[in-house]
Amino acid sequence: MAVVAFDAVSKVYPDGTRAVSSMDLEVGDQEFVVLVGPSGCGKTTALRMVAGLEQISEGRLRIGERVVNDVPPRDRDIAMVFQSYALYPHLSVYENIAFGLRLKKVPKDEIDRRVRQAAHVLDLEPWLKRKPRNLSGGQRQRVAMGRAIVREPAAFLMDEPLSNLDAKLRVAMRAEIARLQSELGVTTIYVTHDQVEAMTMGDRVAVMRRGVLQQVAPPQELYDRPVNVFVGGFIGSPAMNLLQGRLEDANGSGLTLRLGEQALALDRALLDARPALRGWVGRELIAGIRPEDLHDAALERDAPQDRRLRVDVQLREALGSEVIVHARIAAPPAATEQIEELTEDLGVRTLDAGSGGEAGAAETAIVGRLSPHSSVREGEAAEVAVDTRQLHFFDPETGLGIYDDTPDGRTDL
Amino acid sequence: MEASGQAAGQAVALPRERARAGEPWAARVGRAVARGPLNILLAVLAVMWLVPTLGLLLTSLLPATAITQQGWWNVVAHPSLATWENYRAIFANSAITSALWTTVQIAVFNTVLLVVVASLAGYAFAWLDFRGRDWLFVGVIALLVVPLQVALIPIFTIYQDTGLFDTVLGLVLFHVAFGLPFGIFLMRNFFIGIPRDIMESARIDGASEWRIFTRLILPLGLPAIASLAIFQFLWTWNDLIVALTFGRNTQPLTVAIFSQTRQFGSNIELIAPASFLSLAIPLVVFLAFQRFFVQGLLAGSVK
Ligand SMILES: Nc1ncnc2c1ncn2[C@@H]1O[C@H](COP(=O)(O)OP(=O)(O)OP(=O)(O)O)[C@@H](O)[C@H]1O
Ligand SMILES: [Mg+2]
């Protein structure tokens, strides 16, 4: 049990790739921190530096009281769960779990006690004698977990441990790992691609982009106050809709956001939460609307006219508990480098992201998460009500979120 | 991941075997015919190898007089002619038994030494980071093409100077030296196919390089190690030229048999059983290790 602290840690691979740049992060004792980010952003590299599998190019890494830059993996007192599980194929489940303890010369009966305890916790008792190749994916995953927990290490490192499981098992193991971690109280760094894992498991979530840490915050804060358009677009599923907009003063009665020909009146609460917005009157900015803040206007008759948007519905996905609607709106899309990167990472995020990105195109694909009672139909126009208390705004130049009245509208989190 | 790959392989293989067992005869014959040319070729090869081997065995069972007068095929008709007398004779012949012992020593020691050195070196080339590793490995591969014959004379000189001439050790060292390029190559290529995660996991679990080698690499590399051991054992067991060059009184079985052949007349009743013995022992070794051997050959191709 220990603190794991990155102090300006960088990694430059021999071929010159700068995989991690000057990373500062302190994972508290017993804390569960999730590292997320698009493919290739350096999550695995960061984790492997903690494990000692990768040399640290610059900066210092601390585990507990020790600077471990030059400590070999076996002396770091950490346990790692690999995406591939990396079980020892020639050893039984029992021996796989006992492997680390045997190397540490733990007494035999103590090994036996700990292995059986771990097997009990992980429901592996019936398979202790089997070889890994005769186990299902879920069982292998649990053996990998078992191997980590019997070690009783200072920290757990997990690199996408659930990504080889099918969806149902993943949900079950997600809860399982979170429970184990809090029971054992072991400091954990968990790398994932999956934002549901990130949001549900972590005490804090660290979002990385191109080797640079963007924001570290509890899940809710990350969702509510993303520091920049990248984090805003990355966290949340379906992703936040990002539009090019213009802030206008509505004759002293408040501010309006102009999106193409349409306008939305901003809620007063929003202005109180983001005082810096007043400095943006008359300027172009990026407006972010989360799909869950769009509602079917037909079901919300009392939504005022100046809080509605007209859209053309293209596709309706009924999921039972909700309806995901893909639509087009006559407003220009926001286009910055950060947004392009999001699009690349997630593949087709919206119905037709490609044409939306063209210069001068005045149409943008947007996604809404509507009530299952919504009656919007494919190929028809519809009106959606917007919860304007929840809008997000970003500086189109820097991509930074517009919150408080600090220089450049940058927020002090 | 390796484990899942194996499991998947089994999952695919099992239903097929089951289907084959319940297959009608017609289908089996049909497939045999479809594979006809290959099967015929294999059958021809098998006969070509088996007939002389069988002939040697039968010859070795005949009294000397019967061999010259009748030929070995007559034993099939008159099994009563067969006798163990020749075998009794060669085991009583101290020249042959000491040659057999020399062969065993050479074949076993050089195989063990080769396997140890080649697997250590193979591990280093596959998984340890050290300066000049890749160039050194290129050097090893280059050595693969050096024919043994070009080294005979220079090494003969060295052996005479160092006193290794005419010793079992000298022969062992020579065989190891010439087995190493291929051995290292084979081991390195096999070891590099072992997933890196497994070793890293062991490293984090607290294993030193030596532990990783003994607890993971050796057991996982068993198929390749068995293949190499068998190749080397067979090769050195049957070696004649190296032993002829570097030995005078240190004679393995091949040399001993060779020195029994004469231009006129022959002592076939000695040569036949000795030759058969020399052939049968590696065959037994091969059959014993065959399981690993075949796996070893497939190991590289599956992944
Ligand atoms: N051994 C290496 N040599 C050179 N470059 C590397 C090496 N390993 C990774 N990289 C590069 O470093 C960057 C970060 O890689 P890393 O594996 O840490 O990403 P990641 O965030 O884990 O991605 P993913 O989500 O796809 O696993 C990538 O650009 C990758 O190509
Ligand atoms: Mg990764």
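Computed quantities for the displayed model
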quantity	calculated
Span-rule helices in chain B, defined as complete DSSP H runs reaching 24 Å or more along the axis (Cα) with Kyte mean at least -1.0	B:2-21, B:36-60, B:94-127, B:168-191, B:268-302
For the stretch A:3-49 and the stretch A:82-135, distance of Cα centres in Å	29
Highest-fluctuation residue, B:270, B:152, B:62 considered, GNM on chain B with Cα pairs under 10 Å	B:152
Most fluctuating residue given options A:282, A:236, A:37, as computed from a GNM of chain A linking Cα atoms under 10 Å	A:282
Cα centroid separation - the stretch A:138-177 against the stretch B:91-170, whole Å	48
Gyration tensor (alpha-carbon) shape descriptor, chain A, a/c threshold 1.5	prolate
Residues of type lysines that residue A:11 reaches as a straight line, Cα spacing below 30 Å, ignoring anything fewer than 8 places off in the same chain	A:43
Within a Gaussian network of chain A (alpha carbon springs, distance under 10 Å), most fluctuating of A:160, A:248, A:337	A:337
Sequence ranges B:282-289, A:393-400, A:377-384, A:138-145, ranked by mean other-Cβ count within 10 angstrom, highest first	A:138-145, A:393-400, A:377-384, B:282-289
Helix-only [θ]222 nm of chain A, DSSP H runs n ≥ 4, -39500 (n - 2.57) each, per residue, nearest 500	-7000 deg cm²/dmol
Global geometry of the stretch A:120-173, whether rounded, prolate or oblate, following the gyration tensor of its Cα atoms and the 1.5 cut on a/c	oblate
Chain A: relative contact order as a whole-number percent, Cα under 8 Å and 6+ apart	15
Sorted by Cβ density within 10 Å, fewest first, the residues A:193, B:78, A:295	B:78, A:193, A:295
Environment charge of residue A:130, counting only residues whose C-beta is closer than 13 Å and scoring Lys/Arg +1, Asp/Glu -1	+3
Nearest-ten-degree value, helix A:167-184 long axis tilted from longest Cα axis of chain A	60
Candidate lysines for bridging to residue A:108, where Cα separation is under 24 Å - those fewer than 8 sequence places away on the same chain excluded	A:129, A:131
Average beta carbon contacts from partner chains per residue of B:188-201, 10 Å cutoff	4
Global form of the stretch B:87-297, assessed from the alpha-carbon gyration tensor, a/c cut-off 1.5	prolate
Within 10 Å of each Cβ in B:205-216, the average number of Cβ atoms from other chains	5
Highest to lowest packing among B:198-205, A:39-46, scored as the average C-beta count within 10 Å	B:198-205, A:39-46
Kirkwood-based Rg to Rh ratio, the protein assembly as shown, C-alpha trace	1.16
Acute angle (nearest 10 degrees) that the helix A:137-149 long axis makes with the longest principal axis of chain A, alpha-carbon atoms	70
Farthest positive-ward along the stretch A:89-193 dipole, Cα basis, beta-carbon charges - from A:154, A:107, A:191	A:107
The stretch B:87-297: relative contact order as a whole-number percent, Cα under 8 Å and 6+ apart	34
Residue order, fewest to most surrounding Cβ atoms within 10 angstrom, among A:388, B:53	B:53, A:388
Chain B: calculated mean residue ellipticity at 222 nm from DSSP helix runs of at least 4, using -39500 (n - 2.57)	-25500 deg cm²/dmol
For A:120, B:175, order by how many other beta-carbon atoms lie within 10 Å, fewest first	A:120, B:175
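Bear in mind these aren't lab numbers, they're just calculated from the coordinates by the rules spelled out. On a predicted model such as this, the values are computed, not experimentally measured, just so you know. Note: ideal-geometry Cβ built from the backbone for every residue, glycine included; neighbour counts use all protein chains shown.
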